[in-house]
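Visitor: The structure follows.
The values are calculated or read from the model by the stated rules, or taken from the named source; none is laboratory data. All values derive from a computational prediction rather than experimental measurement. Because the Cβ atoms are built from the backbone with ideal geometry, glycine has one as well, and the counts that use them run over all protein chains shown.
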Amino acid sequence: MSLLRRTFLAALLLFPLAAAAQDAPQPELPKEPLVIVTRDGKQHRFMVEMAISPKQQEVGLMFRPSVPADGGMLFDWGSARTSIMWMKNTIASLDMVFINQDGTIRSIAERTVPGSLAAIDSRGPVRGTLELAAGTAQRLDIRVGDTVRQRIFGNGG
């Protein structure tokens, strides 16, 4: 079994202990602007909650019944690393956008399954993971290689 898989499985075993006390949504986190620029130059503006601390990242969008069409949550990992997400206690389906250090989109997981414990992997090191309402990537034609502008990528306001 690979080291990455063993580490992930160990985290799955330990994570429920950390999140066990959490059975309601976390308070809304501070918001910042984010823009996705598609390959045809269209700009899609969002105001996203910023999940910076480990506790904020552990809870994420758990227990939230919906995500606004122009909102979401950006997980700032601080530096490039593999991002492995899951949908435990998440009741709204999401699109997960995995973003490289330079703001380009590395991969997208569309319409994730609420409550699923399946690993959703960034497929390489990313600086951030953006969670949007399910169907947003398809609706706005967001694809791998498009650019995310936001201050954590050094290309936004």
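Visitor: Looking at region 60-82, can you tell me whether even one residue there is at positive phi and outside any loop (DSSP other than H, G, I, E, B)?
Guide: yes
Visitor: Take the residues in region 89-112 that are in a loop (DSSP other than H, G, I, E, B) and polar (S, T, N, Q), then tell me which one is surrounded by the most Cβ atoms within 10 Å (Cβ to Cβ).
Guide: In this case the residue turns out to be Thr90.
Visitor: Which residue, of Arg45, Arg81, is touching a Leu at 6+ places or on another chain (Cβ under 9 Å) and modelled with pLDDT of 95 or more?
Guide: Criteria check complete, one pass: Arg45.
Visitor: What tally of residues in region 44-67 results from selecting those that are without any contact (Cβ under 8 Å) to a residue 40 or more places away in the chain and either surrounded by fewer than 12 Cβ atoms within 10 Å (Cβ to Cβ) or of a type in the set (A, V, I, L, M) (or both)?
Guide: Summing the residues that are without any contact (Cβ under 8 Å) to a residue 40 or more places away in the chain and either surrounded by fewer than 12 Cβ atoms within 10 Å (Cβ to Cβ) or of a type in the set (A, V, I, L, M) (or both) in region 44-67 gives 8.
Visitor: Sticking with this one: Tell me yes or no: at least one residue of region 11-26 is farther than 23 Å from Leu140 by Cα and at pLDDT 95 or above.
Guide: Checking region 11-26: not a single residue is farther than 23 Å from Leu140 by Cα and at pLDDT 95 or above.
Visitor: Scan Gly145, Gly124 and give me the residue that is over 15 Å from Arg64 (Cβ atoms) and part of a strand (DSSP E or B).
Guide: Gly124 is the lone residue from the list that is over 15 Å from Arg64 (Cβ atoms) and part of a strand (DSSP E or B).
Here is a yes/no grid of residues against (1) among the charged types (D, E, K, R); (2) closer than 27 Å to Asp23 by Cβ; (3) without any contact (Cβ under 8 Å) to a residue 60 or more places away in the chain; (4) touching an Asp or Glu at 6+ places or on another chain (Cβ under 6 Å):
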position	(1), (2), (3), (4)
Ala92	no, yes, yes, no
Gly115	no, yes, yes, no
Ala119	no, yes, no, no
Val126	no, no, yes, no
Asp146	yes, no, no, no
Gln150	no, no, no, no
